Amino acid sequence: MNEASPGAVTYGPLVADDAMRCADLERVLFPADGPWSAATFLSEIGSRHNTGFAARADGSLVGYAVLAALGPAGEREYEVHTIGVDPAHQGRGIGRALLRRMLAIADADAAPVVLDVRTDNVAALTLYRDHGFEVVGTRPCYYRPSLADAYLMVRPADREGDGS
């Protein structure tokens, strides 16, 4: 049996039993932007086109992410639907590790990745730019009910399969 040291973060799939905890974290992380409900998480986790990722510390969910596959094989692109980390665990590289897991799936398909991010979310913008995403457009009043603007960001396909 492989036991993690106390406080160590382990990664695995997001499962239906995580939906309530994800919804709780969404309400903390995105209170003004229509946080996802547990039902929304259940739908996302249950979709055959999505891959959910979980980060756990001491058995508790501390981070989550959902990646959607769009389009047929050979023409596929991926979309980051959500990514979040418990504020008590931020700054430990958990969001970065979740993003890298998502990008590895897209890279295996040599497919681009798209996402939307608030224009004022400096930490997320930095993370995404560090991983090759570029702003390609702005979506005015995208988030509801806050009416905050979003950037549409794209990371081109990694045709070399090396993650760069």
Subset of segment 107-145 that is free of Cβ contacts under 8 Å to residues at least 12 places away in the same chain and of a type in the set (S, T, N, Q) - its residue that is least open to solvent (accessible area, probe 1.4 Å) = ASN121
request  = Looking only at segment 144-152, decide whether some residue is within 16 Å of the chain's Cα centre (by Cα) and not hydroxyl-bearing (Ser, Thr, Tyr).
outcome  = yes
message = Residue under question is ALA38, and the condition is that it be among the hydrophobic types (A, V, I, L, M, F, W, C), under 14 Å from the mean Cα position of the chain (by Cα) and at pLDDT 95 or above; does it hold?
response = no
inquiry  = Of all residues being under 14 Å from the mean Cα position of the chain (by Cα) and assigned to a loop (DSSP other than H, G, I, E, B) in segment 122-143, which is nearest to LEU70 (Cα to Cα)? Just the residue, please.
reply    = PHE133
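Does ALA73 satisfy the criteria of being part of a loop (DSSP other than H, G, I, E, B), over 24 Å from ALA148 (Cβ atoms), touching a residue at least 12 places away in the same chain (Cβ under 8 Å) and more than 13 Å from the chain's Cα centre (by Cα)?
Taking the combined requirement at face value, the residue satisfies it.
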request  = Output the number of the condition that GLY84 fails; it satisfies all remaining conditions of (1) open to solvent by 40 Å² or more (accessible area, probe 1.4 Å); (2) under 23 Å from ARG139 (Cα atoms).
outcome  = (1)
ask   = Can you name the residue in segment 41-65 that is within 20 Å of VAL114 (Cα to Cα) and either in a loop (DSSP other than H, G, I, E, B) or out of contact with any strand residue (DSSP E or B) (no Cβ under 9 Å at 6 or more places or on another chain) (or both) and is also most open to solvent (accessible area, probe 1.4 Å) among such residues?
value = ARG48
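The values are calculated or read from the model by the stated rules, or taken from the named source; none is laboratory data. Just so you know, these numbers come straight off a predicted model, no measurement behind them. So basically every Cβ, Gly included, is an ideal-geometry build from the backbone, and we count neighbours across all protein chains shown. Just the protein is used for accessible areas: all its heavy atoms, side chains included, with ligands, DNA and RNA removed. Shrake-Rupley method; radii C 1.70, N 1.55, O 1.52, S 1.80 Å.
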